[in-house]
1. In what order do A:440, A:110, A:11 fall by count of nearby beta-carbon atoms within 10 Å, going from fewest to most?
2. Of A:277/A:405; B:80/B:158; B:5/B:91; A:131/A:405, which sit over 25 Å apart, Cα to Cα?
3. So for A:86, B:36, fewest C-beta neighbours within 10 Å to most, what's the order?
4. Contour minus end-to-end for residue B:78 and residue B:126, with contour as 0.36 nm per residue of separation and end-to-end as the Cα-Cα distance?
5. When the Karplus curve 6.51 cos²θ - 1.76 cosθ + 1.60 is applied with θ = phi - 60°, which whole-Hz ³J(HN,Hα) does each residue of segment A:430-438 get, with x for Gly and Pro?
6. Looking only at A:102, A:343, A:255, which one moves most when chain A is put into a Gaussian network model with springs between Cα atoms under 10 Å?
7. Report the residues of segment B:106-127 in range of a label on residue A:36: point 7 Å along Cα→C-beta, backbone N strictly under 13 Å from it.
8. Using 1/(1 + (r/R0)^6) with R0 = 45 angstrom and r between the beta carbons of residue A:4 and residue A:329, what's the FRET efficiency to the nearest 0.05?
Amino acid sequence: MTAVAGIALPIVLIALVILRQNIVVLLGVATFAAYYFWGGGEIMNVVYDMWDASNRDVLLSVPLYILAGAIMSQGSIAERLINLMKAFMKPIPGGLALASLLACAIFAAISGSSIVTLLAVGSIMYPALIKAGYPRTFAIGMLCAGGTLGIIIPPSIPLILYGIMTQASIADLFIAGVGPGLTLLGVFMLYSMIVNFNRDRGTWWSLKEITTALVDSIWALLTPFVILGGIYSGYFTPTESAAVAVLTAILVELLAHKHGFMHLVRGDTSRFGLSAKNMGQLIWRTVGETSVMMGGLFPILAIALSLNVFMTYEQVPNQIVEWLTGYIDSKVMFLLLVNLFLLVVGCFLDAGSAILILSPLLPPMAQSYGMDLVHFGIMMTVNLEIGYLTPPMGLNLIVAMGAFKEDFLTVCRGVLPFIGLMIIVLWVVALYPPLSLFLIK
Amino acid sequence: MEIAKTFLNRLRIAEQFLCFTAFMVMAGALIYDVLKREITGSGAFGAPQVGVIGMIVVSYIGIGLASAAGTHYRPRFADKVFPPRFDPLLKRIEEFGFAAFCAFLAFVATKVAIESYELKDVAPVLRNPIWPVQMTIALGFGSVAIRHVLYGIFLELKPKPSGEGAELASEQQAQEIIHGHDDYDREKAAARKGHTP
């Protein structure tokens, strides 16, 4: 019976894909079948596992980081950061492009999402880049690539998911993401400077402009320092830092940026009331968006964790590792194959879903080849980050196409050089673990 | 169809209010915990557990909101296997298939909640009965099942599928961001002129 089920299950899953079923159904059918045929028929265990998966306080950081990013992207923090970066990058060749990339990196240190970063910076910078004479393909490609920094520079939702699935320390994963994130940023900036060497050379630095931009953005700049500094120093856990991020976002937008506090000092309660009303509307809207995102992500997470529990109990990863090591004896060959596999997966699945589905299987294999669990998580995330730029399911491509009103071909042509650069960085990350681990060890 | 449309709309509003309340409880409990720890040196008793309950409600009730927004992820690489004339049939199969799965999950989740009620299971720190929280799993998936049955019957009510939905949502988000900055610019300009916009 179980042998027949073993053959029938993949066929059923393929049939369900053809019959256009959601990923929740595919994962759910696989999990229920696993418990029914190989777990003694105890299908109620699926819901018990889902309950255990949901009942963890580490998961609280996910909605809170999404909310903090949403508040900041719809407030005025992004614009203030961009103005500051523009003031600093003005005399450098390709200054506006470099300012965009730096703004993406700083915004990535506040938000944990690629799309939020792309939209927050891109909606302001794309028209400015086109006006400054940058080719459309370059501008859109650069912004799409800059947006992907959102999931590698901490805080990062995919890294939290990886930590939950593999029991790796989320704080260590965040710290390990800094090196590869900055390397990617450096490579993007160098490339942007080279291809725009004769374009957009502004005037020399203006102390007044820099001072004004700095004063204007001082509260916005404080946010990533509080989040990352708190985690790095061990003062906050990732969950606490997510709560602090939401609190900081609300306070910065309400008190500092909308000048609500100054209205109160002056006794102008009506203007403070207006600021508070705007903030209330912003919170209502962003909580709604965050709930939709959680509703899409959570059933996949809960069911994937149930499958994870089953496979770990049945020692499935160990059996696969044993089988695999019989065929692949070199670590480099393993890295090559696993990265090629993840690049293909990234074309069809978003980073979060891919991590949830593959984390029970791939990390144990990586550990059997002597890889560090945290290092593998970073490599996996950098790899799946490329998936945001590859058709047909590259989320940044779809978002950029819709938001900036460009055709799919222009967007695809734009991201091509950046995909090449990211693959080079991916190999450096894969073959040189200290790039990820130097801050931990 | 109008009755179904009104029902779905009201269901969405109810879920949205429930999610917003639970989200506020979750965020409030955690922020209070951190602030209390900073001020008094010790965190608030049971705050993370209250936060987790809020998150569970947001996540499982949010499944219905994700359905209403059309953002549940579906692999699309095999969409061209059947010729386009089968599209209406496949759309109904997609909806009824998802509805059947969610109804089954809601049924099993209800059995689990009943078992917890009979065994008088309580949460470790707060000592509250866990069955009402477990019931949100059943409620969330049950609501999705009803929603997708109605989508299957009235295909016109179905929101844009996930890819297009995500694109539209993102486009809307982009417009909101651009719009938000317009407001900010207007406020700045008004502040320079010395009056409220």
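1. Result, fewest neighbours first: A:11, A:440, A:110.
2. On the way: A:277/A:405 32 Å; B:80/B:158 20 Å; B:5/B:91 18 Å; A:131/A:405 16 Å.
From A:277/A:405; B:80/B:158; B:5/B:91; A:131/A:405, over 25 Å: A:277/A:405.
3. Numbers: A:86 21, B:36 15.
Taking fewest neighbouring Cβ atoms as first place, the list is B:36, A:86.
4. 12.5 nm is the gain from fully extending residue B:78 to residue B:126.
5. For segment A:430-438, the Karplus-derived couplings read 5, 8, 10, x, x, 4, 8, 9, 5 Hz, x marking Gly and Pro.
6. A:255
7. Residues B:108 fall inside that zone.
8. Numbers: r = 34 Å, r/R0 = 0.76.
Approximately 0.85, to the nearest 0.05.
Only the coordinates and a few stated rules stand behind these numbers; no lab work does. Only a predicted model underlies this, so the values are computations on that prediction, with no experimental measurement involved. Neighbour counts are summed over all protein chains in view; Cβ atoms, including those assigned to glycine, are modelled from backbone coordinates with ideal geometry.
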